[in-house]
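Everything on this sheet refers to the single structure shown next.
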Amino acid sequence: DVVNSNAPLAVRGTRLAIHKTLDLPLLEGEILAETFRERVVRTEDAQEGPLAFVEKRAPNWQCR
């Protein structure tokens with residue numbers, strides 16, 4: 001429940017990064033994981049999370 005209450009795109013990106021990097025050497029895994037992170041931080045949801053926190057309300061995730 002705790003994981004699924006977070007931004008769906010962030011959860012999906014994190015899970016994908018974990019699965020894709022498990023068998024890679026550390027440095028290669030970090031580089032690949034960073035590409036997933038870069039995609040997620042450019043989304044509207046990445047802005048919605050901190051904004052909702054500041055406004056003391058639940059985030060309205062749009063998966064964009």
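Exactly one residue out of Asp45, Asp1, Asp23 is of a type in the set (Asp, Glu) and modelled with pLDDT under 90: that is Asp1. Reported count of residues in the stretch 23-36, each being surrounded by fewer than 14 Cβ atoms within 10 Å (Cβ to Cβ) and within 16 Å of the chain's Cα centre (by Cα), is 4. Remark: pairs (first residue in the stretch 37-64, free of Cβ contacts under 8 Å to residues at least 60 places away in the same chain and under 12 Å from Asn6 (Cβ atoms); second residue among the aromatic types (Phe, Trp, Tyr) and not in a loop (DSSP other than H, G, I, E, B); Cβ separation under 9 Å; 6+ apart in sequence or on different chains) = Pro59/Phe53.
The values are calculated or read from the model by the stated rules, or taken from the named source; none is laboratory data. What you see is a predicted model; the values in this text were computed from it and never measured. Because the Cβ atoms are built from the backbone with ideal geometry, glycine has one as well, and the counts that use them run over all protein chains shown.
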